[in-house]
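Asks: To start, I am sharing the structure in question, which I have written as structure tokens.
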Amino acid sequence: MIIMNSLFAYMPQDNQDIFRKGLKVGLWMDGSFDWYPEEDMMSHPNGEIRTLSQTYTQGQVTFSKFTIRNTSFETKRPKVFFHYENAFERQAVAFYSPNERAILHVAPQSIALLGGLVKGKSISQYCIQGKGSLYQEGCFKSLKEGLLAYSPLAKGEVTSVFTLETEILPKECVEAVAWVIHAETKEEAKVINNQLLLTMQNVNN
């Protein structure tokens with residue numbers, strides 16, 4: 001896989017709607033990292049790990065589902081990265097909310113809530129930055145270890161990167177599902193997020 005230490009290489013130029021609604025997905029595993037196209041199926045070295053990236057929208061929610069199948073005889077510990085950026089947010093405040101286990105982007109005309117689950121576990125790491133800082137300094141503290149720089153709050157033109165992390169046993173198949181909720185109020189976004197967390201956890205149990 002190609003190792004990238006900045007985000008320049010994947011920025012789409014022809015579809016601003018991706019930034020407005022959805023998430024870009026990437027995978028860190030065994031010391032290497034790569035971003036994925038919006039819809040992509042990939043077989044990793046030796047064919048031991050197979051992945052599928054899918055995006056779809058239902059009402060106010062855009063989902064990004066990343067499926068990982070471990071066909072090897074070894075336990076794997078992947079980190080699935082998600083990147084959100086809204087080209088139309090000019091003066092937003094973005095922050096991580098522990099109560100919601102989610103990231104909120106609060107702008108004068110819009111609310112976006114970012115969340116997700118993998119095997120019942122929610123967001124592990126997050127890096128919330130101004131766009132200028134992200135593209136100049138990058139979001140990683142250590143790319144080799146899959147560690148994000150810790151930044152829980154930003155305002156202005158902001159962007160967020162977060163991870164869903166888990167352990168995948170030999171021959172196991174796991175789905176990491178992240179979402180962006182677009183709502184008119186924080187209360188509405190929180191209600192939808194709580195419903196999603198409850199629904200997804202029930203499915204996994």
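The values are calculated or read from the model by the stated rules, or taken from the named source; none is laboratory data. These numbers come from a predicted model, not from an experiment. Cβ placement follows ideal geometry from the backbone for every residue including glycine, while neighbour counts extend to all protein chains displayed. Calculation scope for accessible area: heavy atoms of the full protein, side chains included, ligands and nucleic acids excluded. Shrake-Rupley method; radii C 1.70, N 1.55, O 1.52, S 1.80 Å.
Asks: Under 19 Å from the 7 Å Cα→Cβ point of Arg77, by amide nitrogen: which residues of the range 112-133?
Replies: 118-126
Asks: Something else about it: Report, largest value first, the span of the C-alpha coordinates of the range 53-163 along each principal axis, in whole Å.
Replies: 50, 35, 25
Asks: Ok, one more. Counting only protein chains, not ligands or nucleic acids, how are Cys127, Cys173 ordered by accessible area (probe 1.4 Å), most first? Mind dumping the intermediate values first?
Replies: Numbers: Cys127 0, Cys173 60 Å².
Result of the area sort, largest leading: Cys173, Cys127.
Asks: Quick check: Cα centre of the range 86-128 to Cα centre of the range 144-166, how many Å?
Replies: 10 Å
Asks: While we're looking at this one, here's another question. Calculate the spin-label point distance for Leu147 paired with Asp30, positioning each point 7 Å from the Cα along the beta-carbon direction, and give it in nanometres.
Replies: 2.3 nm
Asks: Further, regarding this structure: How high is the relative contact order of the range 55-203, in percent, counting Cα pairs under 8 Å that sit 6 or more residues apart?
Replies: It rounds to 37 percent for the range 55-203.
Asks: Thr185: accessible area at probe 1.4 Å, nearest 10 Å²?
Replies: 60 Å²
Asks: Let me ask something additional. Tell me, in nm to one decimal, what length is gained between Tyr56 and Glu184 on full extension, where the rule is 0.36 nm per residue of separation less the Cα-Cα distance? Could you put the intermediate results ahead of the total?
Replies: Numbers: separation 128, 0.36 × 128 = 46.08 nm, distance 2.06 nm.
Result: 44.0 nm gained on full extension.
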